[in-house]
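Asker: Quick one: structure below, then a few questions.
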Amino acid sequence: MNQQYPSALLEKAVNEFSKLPGIGRKTAMRLVLHLLRQDVTTVEAFGNSIITLKKEVKYCKVCHNISDTEVCAICSNPRRDPETICVVETIRDVMAVEATQQFKGLYHVLGGVISPMDGVGPGDLQIGSLVERVSQGNVKEVILALSTTMEGDTTNFYIYRKLENLNVQLSVIARGISVGDELEYTDEITLGRSIINRTVFTGKV
């Protein structure tokens, strides 16, 4: 046991919390001590919610968004426009676009972007299932709403090459978002305008 910790159990808990993204050891210590001050019922509810999430959460078999059911609430909503698909990197990006209340179509979550430096290739992403959705012939427009980074642009171009012969319009969100920005950190007004003011994607990066 590290001598700065009065308890090996405390140290173990701090170590686990500090593995979370953005959580340093000082923050982890504050969180653990906060939980220690709560009653057992509260802490058990907290722990059980995480365990239940991991064991029972599903991924939509259509768009790959997080869901409680085989098909998510967005894909199964008859009021959504099935002819328009917004392609995003992550589930957080779905939440960001939904918060703008400017998009009424469906989504497709890639699970990241092509990044050879990080060992991520097209086969590691949900690009094949996107091509399959579009090839069914019901989709009229695919909006590429990826981060305005080199990796995002590379992924845009790859998708463009995969879809260019499938009689579907490809659009890219307007560059009201600064180059290098990630979608989830963009304010709702800017992101909403970028969706509305999208432009045709020509395949040029």
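Asker: Hey, got a sec? Which GluC sites (Glu not before Pro) in segment 41-139 land in a DSSP loop and have at most 15 other Cβ atoms within 10 Å? Before the final figure, lay out the partial values.
Answerer: Values: sites: E44, E56, E70, E83, E89, E98, E132; in loops: E70, E89.
Loop-located and lightly packed - E70.
Asker: Quick one: H34, H64, H108, fewest Cβ neighbours within 10 Å first, how do they rank? If you can, show how the numbers build up before the last one.
Answerer: Working: H34 10, H64 21, H108 26.
Fewest-to-most ranking of H34, H64, H108: H34, H64, H108.
Asker: By counting other Cβ atoms within 10 Å of each Cβ, how are L20, L170, L146, L10 ranked from fewest to most? Intermediate results must be reported in sequence, preceding the final value.
Answerer: Details: L20 11, L170 21, L146 25, L10 16.
Least crowded to most crowded, the residues run L20, L10, L170, L146.
Asker: Just for the chain, what percent of DSSP beta bridges are antiparallel, to the closest 5? If you can, show how the numbers build up before the last one.
Answerer: On the way: 5 of 18 bridges.
Bridges in the chain are about 30 percent antiparallel.
Asker: If you don't mind, another one. Evaluate the relative contact order of segment 64-169 (contact order divided by residue number), counting alpha-carbon pairs under 8 angstrom at least 6 apart; express in whole percent.
Answerer: Values: 133 pairs, mean separation 30.3, N = 106.
Once divided by the residue count of segment 64-169, the mean separation gives 29 percent.
Asker: Springs between alpha-carbon pairs under 10 angstrom, Gaussian network model over the chain: which of V57, V97, V40 fluctuates most?
Answerer: Comparing V57, V97, V40 in a Gaussian network model of the chain, the most mobile one is V40.
Asker: As a footprinting exposure proxy, order M29, M95, M117 by other Cβ within 10 Å, with the fewest listed first.
Answerer: Details: M29 17, M95 14, M117 7.
In increasing order of surrounding Cβ atoms, one gets M117, M95, M29.
Asker: Note down the relative contact order for the chain as a percent, whole number, built from C-alpha pairs under 8 angstrom at least six residues apart.
Answerer: On the way: 289 pairs, mean separation 31.0, N = 205.
So the answer I get is 15 percent.
Asker: What is the distance in Å between the Cα centroid of segment 92-127 and that of segment 1-54?
Answerer: 31 Å
Asker: Given springs between every Cα pair under 10 Å in a Gaussian network model of the chain, which of V113, V87, V168 has the largest fluctuation?
Answerer: V168
Asker: For the chain, with a Gaussian network of springs between Cα atoms less than 10 Å apart, report the residue from T84, T148, T27 with the top mean-square fluctuation.
Answerer: T27
Since every read-out is calculated from the coordinates, none of them should be taken as a lab result. Values in this document were obtained by computation on a predicted structure and should not be read as measured data. With ideal geometry, Cβ positions are generated from the backbone for all residues, glycine too; neighbour counts draw on all protein chains shown.
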